[in-house]
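J.: Below is a structure I'd like to ask you about.
The values are calculated or read from the model by the stated rules, or taken from the named source; none is laboratory data. On a predicted model such as this, the values are computed, not experimentally measured, just so you know. In this analysis, Cβ positions are derived from the backbone assuming ideal geometry, glycine residues included, and neighbour counts consider all displayed protein chains.
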Amino acid sequence: MTNNTTHDSAVGTNVQHLIEIQNIGKDYQEGESTVQAIKEMTFYIDDGEFVSIMGQSGSGKSTMLSILGGLNHPTRGEILLDTLDIYKLSSEQRADLRSEYIGVIFQSFQLIPYLTVLENVKLPMAITGRKAREQDKMARNVLARVGLANKADRLPDQLSGGEQERVAIARAIVNKPPILLADEPTGSLDSKTADEIMDLLKELNSEGQTIIMVTHNPEACKHTSRTIQVKDGSCYEH
Amino acid sequence: MKLHNISFNNLKRRKGKMIFLVLGLFIGIATIVTLLSITESMSRDIEDRLDQFGANIVMVPRSENLTLSYGGITMGGVNYQTVEFDEERIPDIRTIEYSKNLGLVAPKVLGATTVKGKEVLLMGVEFETELQLKNWWQFDGTPPAAANELLIGSQTAATFNLSIGDTLALGSSDFVITSILKPTGASEDGIIIGDLHAFQKILGKEGKVSMVEIAAFCRDCPISELVMQIGEKFPEGKVTALRQAVMAKMQSIEMFKTFSYGIAVLVIFIGSLLVFVTMMGSVNERTREIGIFRAIGFRRGHVMQIILLEAMVVGLIGGILGFVGGNGIAWAALPLVIKNGSFAGLNYNLGGVALLLSVALSLVASLYPAQKASKLDPSEALRAL
């Protein structure tokens, strides 16, 4: 991944990581009281890693993922993506960053109901200026990769949960983003389908895809190379 | 896949919502088109009716003398006119710039002659035109069709004891009386009306015309302009507009127009509120979807484009259907509104305006929801993430 933007934050370590999370904190205002969703977290992700962020619901792990995705401005700290502080960018620049560098697999798939499987997969390419034929080729390739080549023209509600998850994965990787964020990708699937999805993610990782996965399921963590435990808004590494 | 594919697919696959939005615009546009179409037809109907009141421009030879007549009573005997117009120049009236506003042009020759020892006024006319212009005339018998047939005033008939079928010698020719005018209370009661060319000959005024009555309708031009243009063509003539008739005509039409524009503005206001609320609801329902777009990397502008394009398509469809539907309703409702009224026909200018209005309405109503949607915090929109 290349970085053409200059930055003024010095990296605290001698080793250059793909993502550095430094002293991140997030407070929410609830009425008159302030709730600390994330107290303070500092960790890093290296290129090609498959990291799971594990914790109970309400532990702040999903908030962490949305911060990592450039979707949620932290109250404190900074996220350095390839040494670039992403929250120093404008929200439109962060949108461009997401489009180019980050693929997101949402909890409960989040497919667009009125678009076919193929169109859903092509969605991230709608703003890239790729030619229709190229888009079609890339989308069909990635659908074949997740084993859904024959269901390209179905609508999402005509698919099973596992299949919808695969479409969501296909959509997240179609633009070949260096980073893949997955929010509870197996959360709403039965154990057999969940294993299949984890195998698919592992396969992608073995091809060099950096994956950061949020889960509350310790079973899912077994597939990852590293687990960051989140508890009460703080993190501990295993 | 382009942004417009997202808009089109949304409209295509969420037909219910689209139908509802289109319906909102359809009702608004159709009401406006119906109202304006009916008003247009009503205006025409009123104009037609007012045109039936006869001539509203009169051209007589310019004279230095003041007329010595008022309300049909002439002081100082018959006024012999010495100046006349050349008949062959009368068609020049139709060469004026606003010639399309000219209705009937009725030239006539006037002169006195002696019948049975009494002086009587002869009026030579082109019957076909004259009878259209004076369509309030009622008479016994059949209107003259040949050059030797006459229409006489009721007073003339009584004075000379004439009845239908009688022959009357005028000059060296014999004429047959085919019809007698019922009393009108105007000058016609005491005159003899015959063919223009036959009377020109009797009066020794071949190729001459004493006066011209003109029926003009002036939907979109000032009548004074018409008078001026005719005056320029005939410097030897004195052209006068009968203002009262014209003003009444214009006023009635203006009143209808103001009324329908008022209603149209009201309908536009209600229509835009309806579209605004529907669009707002539709965008709110799509909050999560907009969150997905933003999370995938869509810029605010991209989200706006999707929503505004949808609004434009809805506006176009609503506008076209509204125009067609509005004209259909006007066509169907017109006989109920105006007795014997006829549909004025499709007004394509109104169509263009309706289409533009519909699209503009839809866009304006969607602008705020679209802007609101594009500003949504993606994480807020998705919540789950």
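J.: Do we have any residue at all in region A:63-75 that's modelled with pLDDT of 90 or more, on the phi < 0 side of the Ramachandran plot and in a strand (DSSP E or B)?
T.: No, there is no match, as no residue in region A:63-75 is modelled with pLDDT of 90 or more, on the phi < 0 side of the Ramachandran plot and in a strand (DSSP E or B).
Rundown of residues vs (1) among the aliphatic types (A, V, I, L, M); (2) under 18 Å from the mean Cα position of the chain (by Cα), yes/no style:
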{"residue": "A:Lys61", "(1), (2)": "no, yes"}
{"residue": "A:Ile67", "(1), (2)": "yes, yes"}
{"residue": "A:Pro74", "(1), (2)": "no, yes"}
{"residue": "A:Thr83", "(1), (2)": "no, no"}
{"residue": "A:Ser99", "(1), (2)": "no, yes"}
{"residue": "A:Phe106", "(1), (2)": "no, yes"}
{"residue": "A:Val117", "(1), (2)": "yes, no"}
{"residue": "A:Gly129", "(1), (2)": "no, no"}
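J.: Identify, from the list B:Val83, B:Val78, B:Val22, B:Val58, the residue that is in contact with a Pro (Cβ under 6 Å, 6 or more places away or on another chain) and either within 30 Å of B:Gln155 (Cα to Cα) or at pLDDT 80 or above (or both).
T.: B:Val83 is the lone residue from the list that is in contact with a Pro (Cβ under 6 Å, 6 or more places away or on another chain) and either within 30 Å of B:Gln155 (Cα to Cα) or at pLDDT 80 or above (or both).
J.: Examine region B:369-384 for a residue that is crowded, with 18+ Cβ neighbours inside 10 Å and farther than 23 Å from A:Ala126 by Cβ, and state whether such a residue exists.
T.: no
J.: Taking A:Arg145 as meeting all but one of (1) modelled with pLDDT of 95 or more; (2) under 21 Å from the mean Cα position of the chain (by Cα); (3) basic (Lys, Arg), write down the number of the exception.
T.: Of the numbered conditions (1) modelled with pLDDT of 95 or more; (2) under 21 Å from the mean Cα position of the chain (by Cα); (3) basic (Lys, Arg), the odd one out for A:Arg145 is (1).
J.: Across region A:116-146, what is the number of residues that are free of Cβ contacts under 8 Å to residues at least 12 places away in the same chain and more than 9 Å from chain B (Cβ to nearest Cβ)?
T.: Qualifying residue count, region A:116-146: 7.
J.: Taking region A:62-93, which residues are touching an Asp or Glu at 6+ places or on another chain (Cβ under 6 Å) and more than 9 Å from chain B (Cβ to nearest Cβ)?
T.: A:Thr75, A:Glu78, A:Leu80, A:Asp85
J.: Name the one entry in B:Leu162, B:Leu150, B:Leu131 that is in contact with a Leu (Cβ under 7 Å, 6 or more places away or on another chain) and under 23 Å from B:Val209 (Cβ atoms).
T.: Matching residue, one of B:Leu162, B:Leu150, B:Leu131: B:Leu150.
J.: If you don't mind, there's one more thing I want to ask. Only residues that are more than 8 Å from every other protein chain (Cβ to nearest Cβ) and not in a strand (DSSP E or B): list them for region A:102-112, please.
T.: A:Phe109, A:Leu111
J.: State which residue is farthest from the chain's Cα centre (by Cα) when the search covers only region A:22-59 and only residues that are of a type in the set (Ser, Thr, Tyr) and surrounded by 15 or more Cβ atoms within 10 Å (Cβ to Cβ).
T.: A:Ser59
J.: Next up: For region B:332-354, give me the residue count where each residue is touching a residue at least 40 places away in the same chain (Cβ under 8 Å) and hydrophobic (A, V, I, L, M, F, W, C).
T.: Residues meeting the conditions: 8.
J.: Residue check: is B:Leu121 touching a residue at least 40 places away in the same chain (Cβ under 8 Å) and either within 28 Å of B:Pro91 (Cα to Cα) or outside the structural domain of B:Ile177 (by TED's automatic domain parsing) (or both)?
T.: So B:Leu121 passes the test.
J.: Between residues in region A:20-31 that are closer than 10 Å to A:Ile67 by Cα and residues that are at pLDDT below 90 and part of a strand (DSSP E or B), which pairs lie under 6 Å by C-beta distance while being six or more apart or on different chains?
T.: A:Lys26/A:Ala37
J.: Quick one: count up the residues across region B:187-230 that are among the small types (Gly, Ala, Ser) and closer than 30 Å to B:Met42 by Cβ.
T.: The total comes to 3.
J.: Go through region B:284-301 and give me each residue that's aliphatic (A, V, I, L, M) and either surrounded by fewer than 23 Cβ atoms within 10 Å (Cβ to Cβ) or within 7 Å of chain A (Cβ to nearest Cβ) (or both).
T.: Residues satisfying the conditions are B:Ile292, B:Ala295, B:Ile296.
J.: Select, from A:Thr210, A:Thr193, A:Thr227, A:Thr215, the only residue that is more than 27 Å from B:His302 (Cα to Cα), in contact (Cβ under 8 Å) with a residue 12 or more places away in the chain and in contact with a Cys (Cβ under 6 Å, 6 or more places away or on another chain).
T.: Exactly one of A:Thr210, A:Thr193, A:Thr227, A:Thr215 is more than 27 Å from B:His302 (Cα to Cα), in contact (Cβ under 8 Å) with a residue 12 or more places away in the chain and in contact with a Cys (Cβ under 6 Å, 6 or more places away or on another chain), namely A:Thr227.
J.: Ok, one more. Any idea how many residues of region B:218-227 are surrounded by fewer than 21 Cβ atoms within 10 Å (Cβ to Cβ) and either outside any helix (DSSP H, G or I) or at pLDDT 90 or above (or both)?
T.: 4
Listed here are the residues, each with its yes/no results for (1) over 28 Å from B:Val83 (Cα atoms); (2) of a type in the set (Phe, Trp, Tyr); (3) in a strand (DSSP E or B).
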position: B:Leu104; (1), (2), (3): no, no, yes
position: B:Lys108; (1), (2), (3): no, no, yes
position: B:Val120; (1), (2), (3): no, no, yes
position: B:Glu128; (1), (2), (3): no, no, no
position: B:Leu131; (1), (2), (3): no, no, no
position: B:Asn135; (1), (2), (3): yes, no, no
position: B:Ala158; (1), (2), (3): yes, no, no
position: B:Leu162; (1), (2), (3): yes, no, no
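J.: For B:Asn10, only one of the following conditions fails: (1) modelled with pLDDT of 75 or more; (2) more than 14 Å from every other protein chain (Cβ to nearest Cβ). What is its number?
T.: (2)
J.: Still on this model: Can you tell me which condition A:Asp96 does not meet? The list is (1) touching a residue at least 12 places away in the same chain (Cβ under 8 Å); (2) at the interface with chain B (Cβ under 10 Å from one of its Cβ atoms), and all the others hold.
T.: Here A:Asp96 meets the rest and fails (1).
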